[in-house]
Structure formats: C-alpha cells, structure tokens
Amino acid sequence: MTSIDVLLKRNQELGDVTPGDRSSPRPSLQVAILTCMDARIRVFELFGLLQGESHVLRNAGGVVTDDMIRSLALSQRKLGTREVLIVQHTECGLSMVTEDDFKDELEEASGLRPTWAVEAFREVEDSVRRSVQRVRRSDFLPHTDNVRGFVYDVKTGHLTEIA
C-alpha cells in the first residue's frame with residue numbers, strides 16, 4: 001500500500017467528520033503564516049490554531065519567493081489577510097545545500113538546469129530577514145506593516161523573533 005493509499009483510507013474512515021467552519025475561506029484572524037515544508041513544524045500545534053483561523057503557506061525553507069508573493073497577494077486582496085508571520089527553522093535542509101551544487105545535481109539527473117533559485121542559505125536568521133524585506137517591499141501587497149519573522153528551534157520548540 002502506498003502512502004497516498006494510506007491517506008485515502010484514513011479519509012474514508014473519517015466519513016463526514018469535517019472540523020472547522022467550512023462557510024468561508026477567509027481566515028478569521030486575518031493572518032497568513034509562511035513556513036517550511038519540514039514535517040517537524042506542526043503549525044497548528046505551534047500556535048494553537050483552530051481550523052479557519054489562518055492561511056498556512058509552505059515551501060522548502062519557508063522563504064519568500066515569487067510564488068509566495070503570488071499566494072500572499074491573493075490572500076490579502078481577495079481573502080482579507082492583513083498580517084504576515086514568517087517562520088523558518090534550525091537544522092533546515094536548505095542550509096545544507098548550495099545553489100550551484102543542487103542545480104548541478106538536477107542538471108546531471110535531468111539534462112536541464114533549473115532557471116529558478118534554490119534559495120539556499122547558510123544563516124537562517126539572514127534568510128528570515130531577507131524574506132521579511134521581500135514581503136515589506138512588494139508592490140503587490142497592500143498590507144506590509146505587520147510582517148514579522150521568527151526562527152523555530154526544532155529541538156526546543158521555542159520561537160525567536162528575528163525581524
């Protein structure tokens with residue numbers, strides 16, 4: 001049985017159980033949380049979130065890319081979010097690769113070199129600051145005053161505000 005099959009079986013077992021309010025896609029706390037796809041970051045537990053309270057956007061590293069700006073623009077302009085919380089973390093895989101090495105690996109495997117940035121970094125604090133600045137400077141986002149960036153320590157569970 002594949003992992004997808006396991007998830008589909010769990011879904012069938014849940015039946016009609018649907019937590020949260022399905023009446024609106026607008027998050028009640030008017031906040032978008034950007035974080036890494038790392039499975040150790042349990043966003044809902046980390047902030048005590050209930051279903052429907054926030055938008056949660058994830059990618060490798062939790063870095064602000066053009067696609068994150070696209071998602072934030074829709075979140076703010078169409079769905080009412082006004083605050084942005086960026087959470088990156090210690091021991092991130094993106095701090096263990098380099099732009100060129102990973103692009104070389106992909107090119108060797110596929111014959112094509114990616115045109116997109118890997119967004120690798122050495123210091124997570126610098127990456128958080130850079131991501132916060134990208135949000136604050138975006139012309140596509142109407143709400144850039146309340147943007148805050150944090151580092152989540154995967155060993156202790158503590159958050160440290162960086163920007």
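Quick rundown of the values:
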| quantity | calculated |
| --- | --- |
| Matching entry among Thr90, Thr2, Thr65 (being touching a helix residue (DSSP H, G or I) at 6+ places or on another chain (Cβ under 7 Å) and either farther than 25 Å from Leu141 by Cβ or among the hydroxyl-bearing types (Ser, Thr, Tyr) (or both)) | Thr90 |
| Output for region 99-140, where each listed residue is over 20 Å from Tyr152 (Cα atoms), buried (at least 18 other Cβ atoms within 10 Å of the Cβ) and hydrophobic (A, V, I, L, M, F, W, C) | Val118 |
| Looking only at region 1-22, and only at residues there that are of a type outside the set (A, V, I, L, M), at pLDDT 70 or above and assigned to a loop (DSSP other than H, G, I, E, B), the one that is nearest to the chain's Cα centre (by Cα) | Thr2 |
| Some residue of region 90-98 being in contact with a Cys (Cβ under 7 Å, 6 or more places away or on another chain), closer than 30 Å to Gly52 by Cβ, at pLDDT 95 or above and surrounded by 11 or more Cβ atoms within 10 Å (Cβ to Cβ) | yes |
| Residue, surrounded by the most Cβ atoms within 10 Å (Cβ to Cβ), within region 24-47, restricted to residues that are assigned to a loop (DSSP other than H, G, I, E, B) and aliphatic (A, V, I, L, M) | Ile41 |
| Elements of type helices (runs of 4 or more DSSP H) in region 51-163, at least 1 residues being in contact with a Phe, Trp or Tyr (Cβ under 9 Å, 6 or more places away or on another chain) and of a type in the set (Ser, Thr, Tyr) | 124-136 |
| Residue match in region 46-68 (condition: more than 20 Å from His158 (Cα to Cα), at pLDDT 95 or above and among the hydroxyl-bearing types (Ser, Thr, Tyr)) | yes |
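The values are calculated or read from the model by the stated rules, or taken from the named source; none is laboratory data. This structure is a prediction, so every number in the text was calculated from the model and none was measured. Cβ: placed from backbone, ideal geometry, glycine included. Neighbour counts: every protein chain shown.
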